[in-house]
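A.B. asks: Take a look at the following structure, please.
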Ligand SMILES: [Zn+2]
């Protein structure tokens, strides 16, 4: 799910460190990375504005999805979102 969102943001013109951050970002947000990898990414974020923005945007998007009360979302919200993400 999160990796599909990452794909929307992924670009090919980033440097290798940025690419690694973006490829690992969903696991980073989920806290599923090895500590060594996570700390490397944290270090990169400290000096890279675009990646910081990327992670913040992704985290906000994921948080929004997770915190949206089902009863307040339109009945077809999840389906439409899923379709939209799959269509890229
Ligand atoms: Zn970067």
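A.B. asks: If you take the beta carbon distance between residue 53 and residue 76 as r and set R0 to 30 Å, what does 1/(1 + (r/R0)^6) give as a FRET efficiency, to the nearest 0.05? Could the numbers behind the result be given before it?
C.D. replies: Numbers: r = 31 Å, r/R0 = 1.02.
The value I calculate is 0.45.
A.B. asks: Further question on the same structure: Hey, can you rank 49-57, 17-25, 29-37 by average C-beta count inside 10 Å, highest first? Intermediate results must be reported in sequence, preceding the final value.
C.D. replies: Details: 49-57: 14.8, 17-25: 17.8, 29-37: 11.1.
Descending packing order for the listed peptides: 17-25, 49-57, 29-37.
A.B. asks: Rounded, prolate or oblate for the stretch 23-67? Axes are the square roots of the Cα gyration tensor eigenvalues, ordered a ≥ b ≥ c, and the cut-off for rounded is a/c under 1.5.
C.D. replies: In terms of gyration-tensor shape, oblate.
Read-outs throughout are calculated quantities, based only on the coordinates presented, and are distinct from any laboratory measurement. Just so it is clear, the structure is predicted and the values come from calculations on it, not from any experiment. Because the Cβ atoms are built from the backbone with ideal geometry, glycine has one as well, and the counts that use them run over all protein chains shown.
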